[in-house]
Amino acid sequence: MRKPFIQHENELEQPIGFPLVEWTPCIAPPPAVQVGDYCRVEPLNLDAHGAALSQVFVEESIDAEWTYLPYGPFIQRDACMKWLQHVAPSDDPLFYAIVDGESGLAVGICSYLRIEPRVGVIEVGHIHFSPLLQKKPAATEAMFLMMKRVFDELGYRRYEWKCDALNAGSRRAAERLGFTFEGIFRQATIYKKRNRDTAWFSILDNEWPRIKQGFERWLAPDNFDEKLQQKERLADLMK
């Protein structure tokens, strides 16, 4: 963590934030494709992705997969398609489909949201991986591609992850992906007729080079066996 600067005023020392004299605002993330070795992250499009996503989302038999999202589960494909049609045109959240590199089918979604180009802050959220994506290299790579665009292409200063404080799986995922836990905002919102305390996580721009190197080492082909099982853990490679 950077230490605060000291300014002198009336002989009193006052700590202030470090200067950003050369800071210029970012731009909003573009609705453009991101390509990796295991997946593509594509702007959500009903024609291209709706059929595949509605099929895998409806086929999920565990309602718990949707517990911590403000929508779902979807019992019928028509309901899922209607929801996808509603969110696809949105600029914030800006939704993407995660497309499996081998099958070419959309198997998950994610988004950028709470996009603040003026101050360089952006959040990743609305993450939902179907069983065809869960615990696969493509799932991790999709999150890496989202980060890479934010920091390397667009120059944001802060990348956020927020989740229900009771969502243990999401909190573990955030920490595995290199996010730092910052605290809990109590009674932050209401969804599905219940309270939500929100856990906050972040990655800062000065932390990104170390985290990026860990991702690149983890995603390297020689880190996986013939069954695509990892040899080294991502968290170990980020140390």
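Being in contact (Cβ under 8 Å) with a residue 60 or more places away in the chain, of a type outside the set (A, V, I, L, M), open to solvent by 30 Å² or more (accessible area, probe 1.4 Å) and on the phi < 0 side of the Ramachandran plot is true for just one of GLU60, GLU65. Which residue is that?
Exactly one residue qualifies, and that residue is GLU65.
Of the residues TYR156, TYR96, which is within 15 Å of the chain's Cα centre (by Cα) and over 25 Å from ALA64 (Cβ atoms)?
Numbers: TYR96 fails: over 25 Å from ALA64 (Cβ atoms).
From the options TYR156, TYR96, the qualifying one is TYR156.
Could you list all residues from region 68-85 that are in a helix (DSSP H, G or I) and not acidic (Asp, Glu)?
ARG77, ALA79, CYS80, MET81, LYS82, TRP83, LEU84, GLN85
For a quick check of your reading of the model, give me the residue pairs whose first member lies in region 172-188 and is surrounded by 14 or more Cβ atoms within 10 Å (Cβ to Cβ), whose second is part of a loop (DSSP other than H, G, I, E, B), with beta-carbon atoms closer than 8 Å and at least 6 apart or on different chains.
As it stands, the answer is GLY178/GLU207; GLY178/MET238; THR180/GLU207, since those pairs meet every condition given.
Among all residue pairs at least 6 apart or on different chains, which show Cβ distances below 7 Å where the first residue, located in region 138-161, is charged (D, E, K, R) and the second is in a loop (DSSP other than H, G, I, E, B) and modelled with pLDDT of 95 or more?
Correct list of pairs: GLU141/GLY36; GLU141/ASP37; GLU141/TYR38; ARG149/PRO29; ARG157/GLY120; ARG157/ASP205; ARG158/GLY120.
Count, please, the residues in region 141-164 that happen to be farther than 19 Å from ALA32 by Cβ and either modelled with pLDDT under 95 or touching a helix residue (DSSP H, G or I) at 6+ places or on another chain (Cβ under 8 Å) (or both).
Result for region 141-164: 3.
The values are calculated or read from the model by the stated rules, or taken from the named source; none is laboratory data. All values reported here derive from a predicted model rather than from experimental measurement. In this analysis, Cβ positions are derived from the backbone assuming ideal geometry, glycine residues included, and neighbour counts consider all displayed protein chains. Just the protein is used for accessible areas: all its heavy atoms, side chains included, with ligands, DNA and RNA removed. Shrake-Rupley method; radii C 1.70, N 1.55, O 1.52, S 1.80 Å.
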